[in-house]
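Read-outs throughout are calculated quantities, based only on the coordinates presented, and are distinct from any laboratory measurement. Quantities reported herein were computed from a predicted structural model and do not represent experimental measurements. Ideal geometry is used to build each Cβ from the backbone, glycine not excepted, and the neighbour counts take in all protein chains shown.
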Amino acid sequence: MAKPYQVESLANGLRVVVAPQPSLHRVHVALWGRVGSRFEARQESGISHFLEHMIYRGTRSVPSAHAVNLAFERLGGSLFASTQVDHGIFSLSLPPESMDEASALFGEVLSQPAFLDIDIERGIVLEEILEDLDDEGRQIDPDNLSRALIYGEHPLGFTITGSEAHVRSFDEPGLRRWHDRHYTAANGVLAFSGAVDVATAMRLAERDFGGLRRGERATSGAPAHNQKKPRLDVVENVSSQTDLRVCLRAFAEKDPLRPAVDILMRLVDDGMSTRLYHRLCDSRGLCYDVSAAFDGYEDDGIVDVAAGVQHKRAALVTSEILAMFEELAREGPTQDELEKARRRIVWDARAMVDSAEEMGAYYAGGLLFDRFADLEEHVAELLRVGAGEVRAAARELARPERLNVVAVGLLDDGEDARLEDVVKGWTGVT
């Protein structure tokens, strides 16, 4: 049976994946690149994110942000961009009949930025940074704080946006050097999905991205962990609730336990009937919003539980979250839980076939991080995970030297001490 995708490499080394979905009525194209805060030094923190903004500012022939957006929107699409810790994405979804013209423009915008209106864009990014600060300029974003607590001075602990001082220091020569280093064939994956055939996609890839410089693959050293006991960071902030992050240092994307972690996260938070929401919300009414996610990197990972709670409940909610992981580590999942998770995995994989964006992201991310897998093979691997493997993953996670907790709020009347007792006194499951 023919595979539902094809992977080719251009002469410059750029990898191209094409996933035709002929039943769809739109086409999706995305460039994924090895760029982001983990590739930065402290003094240049935030430059990947600022460069993303500057790419939107246009080229010599499309000389403004408005002109870029208007050009794509006239073709039925919108340019999307995102900078993450270890990768950046630029993408478009649009009608198939616009693909030829849009691809040419897409290639020009990404490969030939003119770095126009730097000071205007600098002001926009400075406003974005303020969203994570309080009135005194202190960091209060719980995700940023948790990464700093876990990784310290390793780049995985840096904020994606950088600081005000960093952003004010960026200039055109520095941005050009960063673009030349990271927006290269060796650092990128180009993905086409949706209503496009392989021959058309490869023709456009060669025409519009074949001129990218080959470059060298960007690398970053792995974090070195020497944590021996739980860590807690309490940041005072005047707000109606305390923002909690209960984080367990986990495993890299290629770790043998990674498939079991996927199933574990399905049991913890994959709908309102799973353990996390049922335990904290339905059964005890302790919070309105709670979620869990796995944040995976090439060489590390984090299981992250986020909750907004009344200040006086911070310790109790943290205790309940940890007790949930302890139960999974001691007892593992029930057979009913496993069967439900497996069914939902199959259904979600089927739904991906109806989404050009999800299919493109699945294959592009796999290629970029050298964990490419056929979707059917990936599903089969997950379906093979048993209760014992899930329990083993939970036991490995539920260790005090993996625990990092951040609380941003007003922990008065001894709540900060109670939270410290819960966190510092947690012994996990041995």
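The angle between the Cα long axis of helix 118-130 and the longest principal axis of the Cα atoms of the chain comes to about 20 degrees, rounded to the nearest 10. Cross-link reach is defined here as a Cα-Cα straight distance under 26 Å, omitting same-chain residues fewer than 8 places apart; for Lys312 the lysines meeting it are Lys229, Lys424.
Using a ≥ b ≥ c from the Cα gyration tensor of the stretch 32-106 (square roots of the eigenvalues), is it rounded, prolate or oblate, where a/c under 1.5 gives rounded and otherwise the larger of a/b and b/c decides, a/b for prolate? Prolate, since a/c reaches 1.5 and a/b exceeds b/c.
How high is the FRET efficiency from Ala81 to Glu153, r the C-beta distance, R0 35 Å, rounded to 0.05?
0.80
Across all Cα atoms of the stretch 319-430, the radius of gyration (one decimal) and Dmax (whole number) stand at 19.0, 54 Å. Per residue, the Cα convex hull of the chain amounts to 148 Å³. What does the C-alpha gyration tensor say about the overall shape of the stretch 61-101? Classify as rounded when a/c is under 1.5, otherwise prolate if a/b is larger than b/c, or oblate. Oblate.
Take the Cα of Lys254, step 7 Å toward its Cβ, do the same at Arg371, and the gap between the two points is 1.1 nm.
Computed extension length for Ala199-Asp233: 6.9 nm, one decimal, from 0.36 nm per residue of separation with the Cα-Cα distance subtracted.
The C-alpha atoms of the chain define a longest principal axis, and helix 335-352 lies at about 20 degrees to it.
Where the alpha-carbon atoms of the stretch 216-258 are placed on the principal axes, they occupy 46, 28, 21 Å, in descending order. In this Cβ point-charge picture (+1 for Lys and Arg, -1 for Asp and Glu), the chain has a dipole of about 1100 debye about its Cα centre. Cβ-Cβ distance of Glu327 and Arg60, R₀ of 60 Å, FRET efficiency by 1/(1 + (r/R0)^6): the value works out to about 0.50. Here the Debye sum runs over all C-alpha atoms of the stretch 1-135 as equal scatterers in vacuum, and log10 of I(q)/I(0) at q = 0.15, 0.21 Å⁻¹ comes out as -0.85, -1.37. Taking all Cα-Cα distances within the stretch 257-383, those exceeding 19 Å account for 56%. Between the beta carbons of Ala165 and Asp135, assuming R0 = 22 Å, the FRET efficiency works out to 0.75 to the nearest 0.05.
Within the chain, DSSP assigns beta bridges of which about 80% are antiparallel (rounded to the nearest 5). In the chain, the longest principal axis of the Cα atoms and the axis of helix 99-111 are about 70 degrees apart. Rg over Rh for the stretch 90-215 works out to 1.06, using Cα positions for both radii and the Kirkwood form for Rh. Here the stretch 100-147 is described by how far its Cα atoms reach on the three principal axes: 47, 25, 13 Å, from widest to narrowest.
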